[in-house]
1. Considering the range 39-59 alone, what residues qualify as being crowded, with 16+ Cβ neighbours inside 10 Å and either free of Cβ contacts under 8 Å to residues at least 12 places away in the same chain or not in a loop (DSSP other than H, G, I, E, B) (or both)?
2. Would you confirm whether any residue within the range 175-190 is closer than 12 Å to residue 124 by Cα, within 14 Å of the ligand (Cβ to nearest atom) and at pLDDT 95 or above?
3. Taking the condition of being more than 10 Å from the ligand (Cβ to nearest atom), within 17 Å of the chain's Cα centre (by Cα) and farther than 16 Å from residue 137 by Cα, how many residues in the range 76-89 meet it?
4. Looking at the range 17-33, is at least one residue part of a strand (DSSP E or B), within 21 Å of residue 257 (Cβ to Cβ), in contact with a strand residue (DSSP E or B) (Cβ under 9 Å, 6 or more places away or on another chain) and within 10 Å of the ligand (Cβ to nearest atom)?
5. With the condition being within 22 Å of residue 52 (Cβ to Cβ), I'd like the helices (runs of 4 or more DSSP H) fully within the range 88-200 carrying at least 2 qualifying residues.
6. Report, by residue number, each residue of the range 43-66 that is over 19 Å from residue 100 (Cβ atoms) and touching a strand residue (DSSP E or B) at 6+ places or on another chain (Cβ under 9 Å).
7. Please go through the range 183-195 and pick out each residue that is in contact with a helix residue (DSSP H, G or I) (Cβ under 7 Å, 6 or more places away or on another chain) and surrounded by fewer than 24 Cβ atoms within 10 Å (Cβ to Cβ).
8. Please pick out the residue among 69, 106 that is surrounded by fewer than 21 Cβ atoms within 10 Å (Cβ to Cβ), over 19 Å from residue 227 (Cβ atoms) and touching a residue at least 12 places away in the same chain (Cβ under 8 Å).
Ligand code: DGL
């Protein structure tokens, strides 16, 4: 007899803007029977320049909105909110919460050469870098890992503006990443969910010897561990539903999203007040 519990409610995902769609694309593809409800806090993007207290407050408000719509689990598809708001959210959420930082760290920790612990670069928003969350979680996995962190404050505005192929992007990316060129990195964690959109140019800039870690695959793996355990999966054969909420200017969100997300259709964007 099949004792598996099923739950057709969606899983909630959120970010300050369009960046978390890189995570949504990965999980929606990996779990085609699961439904997802995405919220982009476009009225308050960017989070990465704001204080810990403010980001924590935003994280709890956004999660509350998704919980009121009946999600069965939460994926914080934003590194800044994961770094600064995850602990508070986990302490009060009635449903399981998955962040993006621990899965990305686990993926990086395996990338050393021979017996040597890896040298790992981490790029993220100013607030994520200042939080020290990545060095902390990497050290928990292996205290020998050497971590070099760099804030890249211009990357999020480029992505929110949909500037991906623009010639200025290469210049900004190269200039920003220059301090990492001499660091002999094994891996570079894209510690902001907006950055995978710039992955092509970041990869070219860093060269083939540096493995880029986009935590969306690691988050999908983490979700797999939860589904069937803490989170009941959708019934077999269920049709996937994707819905989108934003806190401001729905049309712009849709336009920017469609420019760089090809694996999922971003339509039916609803505006909400938190
Ligand atoms: N995409 C987000 C992150 O992963 C937030 C960027 C921002 O709002 O500054 O950190």
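The values are calculated or read from the model by the stated rules, or taken from the named source; none is laboratory data. All figures in this text were calculated on a predicted structure; none of them were measured in a lab. Glycine also receives a Cβ, built like all others from the backbone with ideal geometry; neighbour counts cover every protein chain displayed.
1. Correct list: 39, 40, 55, 56, 58, 59.
2. Yes: the range 175-190 contains one or more residues that are closer than 12 Å to residue 124 by Cα, within 14 Å of the ligand (Cβ to nearest atom) and at pLDDT 95 or above.
3. Going residue by residue through the range 76-89, those that are more than 10 Å from the ligand (Cβ to nearest atom) are 85-89.
Still in the list and also within 17 Å of the chain's Cα centre (by Cα): 85-87, 89.
Next, only the ones that are farther than 16 Å from residue 137 by Cα stay: 89.
Total satisfying the criteria: 1.
4. Applying the first criterion (part of a strand (DSSP E or B)) to the range 17-33 yields none.
Checked against the condition, which is being part of a strand (DSSP E or B), within 21 Å of residue 257 (Cβ to Cβ), in contact with a strand residue (DSSP E or B) (Cβ under 9 Å, 6 or more places away or on another chain) and within 10 Å of the ligand (Cβ to nearest atom), the range 17-33 yields no hits at all.
5. Values: elements: 101-109, 126-131, 133-141, 155-160, 167-177.
Of the helices (runs of 4 or more DSSP H) lying wholly inside the range 88-200, those with at least 2 residues that are within 22 Å of residue 52 (Cβ to Cβ) span 101-109, 126-131, 133-141, 155-160.
6. Within the range 43-66, 43, 65 meet the criteria.
7. 187
8. So the residue among 69, 106 that is surrounded by fewer than 21 Cβ atoms within 10 Å (Cβ to Cβ), over 19 Å from residue 227 (Cβ atoms) and touching a residue at least 12 places away in the same chain (Cβ under 8 Å) is 69.
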